[in-house]
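So the structure is just underneath, and the comments pick up after that.
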Amino acid sequence: MSGKVLIVEDEIALSDVYKTLLDQAGYDVRVAENGEVALGVAEEFQPEMILLDLRMPVLDGIGFLHKYDLKNAHPDVKVVVFSNYDMQKEIDEAYSLGAERYLLKAWASPKELIELVKTTLGK
């Protein structure tokens, strides 16, 4: 299994768990603690998929999507919004900016996370 996944998550304990799970499943994983850091990591790492939290300090998920420009600059990158908040307005905006899916963190088991990545990347 391979695939490059960027996790954008401000809760370090959560991003550590997600990274460990995806590393063990054979993915190449990088982590960024906010949208601003993620912009730099994404340009250098060139991920195939981004797991994107919405609520973060410095630059939130929506701000990241505005700057990253999925539709024009990075059309092949798959973005899954992965949040603990069910904020329909923000979710709708994320979809309009190119996000493919939305998943409520609290409902995702480790197995579901791995399946989500496999399905999204088609691997």
Exercise. Go ahead and estimate [θ] at 222 nm for the chain from helices alone: -39,500 (n - 2.57) per DSSP H run with n ≥ 4, summed, over the residue count, rounded to 500.
Key: -13000 deg cm²/dmol
Quiz prompt | Relative exposure of 104, 14, 65, judged by other C-beta atoms within 10 Å (fewest first) | solution = 104, 14, 65
Quiz item: Could you give the dipole magnitude of the chain about its Cα centre, charging the beta-carbon of Lys and Arg +1 and that of Asp and Glu -1, in debye to the nearest 20?
Solution: 360
Practice problem: Quick one: what are the phi-derived ³J(HN,Hα) couplings along segment 90-99, Karplus 6.51/-1.76/1.60 with θ = phi - 60°, whole Hz, x for glycine and proline? | Solution: 5, 4, 4, 5, 4, 4, 5, 8, x, 5
Self-check item: Cβ-derived FRET efficiency at R0 22 Å, residue 87 paired with residue 44, nearest 0.05
Solution: 0.15
Exercise. Once you've got the GNM for the chain with C-alpha springs shorter than 10 Å, pick whichever of 31, 41, 58 has the biggest mean-square fluctuation.
Key: 58
Quiz prompt | Modelled FRET efficiency - R0 22 Å, residue 119 with residue 11, Cβ distances, 0.05 increments | solution = 0.40
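Since every read-out is calculated from the coordinates, none of them should be taken as a lab result. As the structure is a prediction and not an experimental result, all values here were calculated from the model. Cβ: placed from backbone, ideal geometry, glycine included. Neighbour counts: every protein chain shown.
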